[in-house]
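The values are calculated or read from the model by the stated rules, or taken from the named source; none is laboratory data. What you are looking at is a predicted structure, and each value in this text was computed from that prediction instead of being measured. All Cβ positions, even for glycine, are placed from backbone atoms using ideal geometry, and neighbour counts span all protein chains on display. Keep in mind that these areas ignore ligands, DNA and RNA; they rest on the heavy atoms of the full protein, side chains included. Shrake-Rupley method; radii C 1.70, N 1.55, O 1.52, S 1.80 Å.
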Amino acid sequence: MAEALERDPLGASFVYIFHDALHDGNAILAFARKRFADAAILGGTSCNGVMSEAGLAEAGSIGLLVIEDPDGDYGAAIVKLGANAADCAERALHDALERAGCAGELPELIWLYQAPGREEEVIEGLRRVVGDRCPIIGGSSADNHVAGQWRQLANDDVLSDGLAIGVLFSSGGIGFAFQGGYEPSGESGVVTQSRGRRIMTIDGAPAAEVYNRWTGGLLDDKIGTGGNVLASTTMHPVGMDVGKIEGITHYLLVHLDAVLEDGVLSTFATIDEGTRLYSMKGERSRLVERAGRVAAAAAAELPQGEDSLAGGLVVYCAGCMMAVGDEMPEVARAVTRRFGGKPFLGCFTFGEQGTMLGRNAHGNLMISAIAFGK
């Protein structure tokens, strides 16, 4: 990488960096800061590598996406997530805007990368400032084995329990899309008791028992004993109906984590009481194809049209990546085709944030893409 940059030196306004959790984030950041002294820098760890137009770069890889836009304005900030994550997010956003020289302005896009677990609180804090007038897109940093080795980086700092925020005022325009690659299987029910990321009952019955019935006994070995169900439920998440686009219903997906005592389901996103949940199902082929479709949808949203595409960024759920397995190289090829061979960088995350039907939200097993215009 260093040799390539010396052969073809780049100016930079904004630099995305994603890397395997086995790497030293401080060394990577020092490398980037030395070569891009005036750029806003943001990123962190990605599960088992990254992907780009060159293909899938597996465990041990490091990826950079460099945006050269002297007519745009960019800023980044990083903060440790304290007791009140919403306040921390609000503070970080103001810091990033000041660093961009755009204090008090509405950015074209807010990009974030954070430690998993408090995503809804972070979005709440950002919404205090921008509401849903500005898309909030990003991911929850990941490691290779869900072992808490994730990290976030921005500017001159690397954290394990932080929030990195970037604000983008692009001169060439930005397009974006946020979708899931699953479809409803036919069953649904209303959450009658929940607390944060725990669902106690659906339609008045223990949530795990209802879900197990929906999925034809997927949790038979966990009913009554409990335990982790992360791997077994990847292809069978639950979804929330967020509305229709051109007559097609879109769902925000939620991944189930564990069966707890009394049939409680633990999840990776907050579900409010009164929400109707839909049983969803996925197929490997759909998860491969969807990434390319999301990239194409983002490019189509560019203000000057998809022919103005300069490059892109993709956030692909790490759970989907593991489910797709040895077909992941085709995911990278699908995005490359839809982005017309333009440079892009993709990271693999433990949670995804994006905009659906004009509202910013946190979900799981999702895919987002950003297209940058010339």
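Of these, L252, L256, which one is touching a strand residue (DSSP E or B) at 6+ places or on another chain (Cβ under 7 Å), among the hydrophobic types (A, V, I, L, M, F, W, C) and farther than 19 Å from Q193 by Cβ?
Working: L256 fails: farther than 19 Å from Q193 by Cβ.
Checking each option against the conditions leaves just L252.
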Given (1) out of contact with any Pro (no Cβ under 9 Å at 6 or more places or on another chain); (2) in contact (Cβ under 8 Å) with a residue 40 or more places away in the chain; (3) closer than 28 Å to D272 by Cβ, number of the condition Q149 does not satisfy: (3)
Failed criterion for E246 (all others in (1) crowded, with 22+ Cβ neighbours inside 10 Å; (2) free of Cβ contacts under 8 Å to residues at least 12 places away in the same chain hold): (1)
Residues (within 15 Å of C320 (Cα to Cα) and assigned to a strand (DSSP E or B)) located in the stretch 215-238: V238
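Okay, residues lined up against (1) more than 17 Å from L56 (Cβ to Cβ); (2) basic (K, R); (3) touching a residue at least 60 places away in the same chain (Cβ under 8 Å):
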site	(1), (2), (3)
S279	yes, no, yes
G305	yes, no, no
D326	no, no, no
V331	no, no, yes
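Looking at V238, is it in contact (Cβ under 8 Å) with a residue 40 or more places away in the chain and buried (at least 18 other Cβ atoms within 10 Å of the Cβ)?
On the way: in contact (Cβ under 8 Å) with a residue 40 or more places away in the chain: yes; buried (at least 18 other Cβ atoms within 10 Å of the Cβ): yes.
For V238, the condition - in contact (Cβ under 8 Å) with a residue 40 or more places away in the chain and buried (at least 18 other Cβ atoms within 10 Å of the Cβ) - is met.
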Matching entry among R213, R276, R197 (being modelled with pLDDT of 95 or more and out of contact with any strand residue (DSSP E or B) (no Cβ under 7 Å at 6 or more places or on another chain)): R213
Every pair of residues 6+ apart whose Cβ atoms lie under 6 Å, when the first sits in the stretch 363-374 and is in contact (Cβ under 8 Å) with a residue 24 or more places away in the chain and surrounded by fewer than 24 Cβ atoms within 10 Å (Cβ to Cβ) while the second is in a strand (DSSP E or B) and not charged (D, E, K, R): K374/A310
Residue list for the stretch 206-230, filter: of a type in the set (F, W, Y) and either open to solvent by 20 Å² or more (accessible area, probe 1.4 Å) or at positive phi (or both): W214
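Name the one entry in G166, G173 that is of a type in the set (G, A, S), in contact with a Pro (Cβ under 6 Å, 6 or more places away or on another chain), more than 21 Å from G49 (Cα to Cα) and touching a residue at least 40 places away in the same chain (Cβ under 8 Å). Step through it out loud before you land on a result.
Values: G166 fails: in contact with a Pro (Cβ under 6 Å, 6 or more places away or on another chain).
Matching residue, one of G166, G173: G173.
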Every pair of residues 6+ apart whose Cβ atoms lie under 7 Å, when the first sits in the stretch 12-33 and is farther than 16 Å from C47 by Cα and in contact (Cβ under 8 Å) with a residue 24 or more places away in the chain while the second is aromatic (F, W, Y) and outside any loop (DSSP other than H, G, I, E, B): S13/Y74; F14/Y74
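Given the stretch 256-374, what helices (runs of 4 or more DSSP H) lie entirely inside it while holding 2 or more residues that are β-branched (V, I, T) and within 20 Å of the chain's Cα centre (by Cα)? Spell out how you get there, then give the answer.
Working: elements: 284-300, 318-324, 328-338.
Helices (runs of 4 or more DSSP H) meeting the threshold: 284-300, 328-338.
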